[in-house]
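Participant: Sending over a structure as structure tokens; questions will come in a sec.
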Amino acid sequence: MATRRPQAYCPACDLEVEMYPDGIGAPAHPWRCGNCFTGFTEAQLTRLEAVHKELQAHESKRADILNKALRG
């Protein structure tokens with residue numbers, strides 16, 4: 001069975017990372033950052049996944065703005 005490894009923003013290391021459900025901080029923090037090992041709850045992970053999606057959308061808009069500026 002495949003392990004769920006969501007992409008999310010980690011506020012501890014200020015990066016967009018893959019989160020791991022390996023239970024290092026379980027049961028209080030069943031998810032951890034794949035970079036700095038900071039633990040997160042399921043509710044925190046949900047919010048951090050939303051932040052990751054917003055940052056991706058922002059980066060896409062930023063790239064469009066820069067591309068238009070360079071072409072025109």
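Participant: To the nearest 10 degrees, how steep is helix 42-71 against the longest Cα principal axis of the chain, on a 0 to 90 scale?
Facilitator: It works out to around 20 degrees.
Participant: With no solvent and one point per C-alpha, what does the Debye sum give as log10 I(q)/I(0) for the chain at q = 0.15, 0.25, 0.27 Å⁻¹?
Facilitator: With one equal scatterer per Cα and no solvent, log10 I(q)/I(0) is -0.53, -1.04, -1.15.
Participant: If each DSSP helix of 4+ residues adds -39,500 (n - 2.57) and the sum is divided by the residues in the chain, what number results at 222 nm, nearest 500 deg cm²/dmol? Mind showing how you got there, number by number?
Facilitator: Values: 1 runs with 30 residues, N = 72.
Dividing the helical sum by the residues of the chain leaves -15000 deg cm²/dmol.
None of the figures in this text is laboratory data; all of them are computed from the coordinates on show. None of these values were measured; they are calculated from a predicted model.
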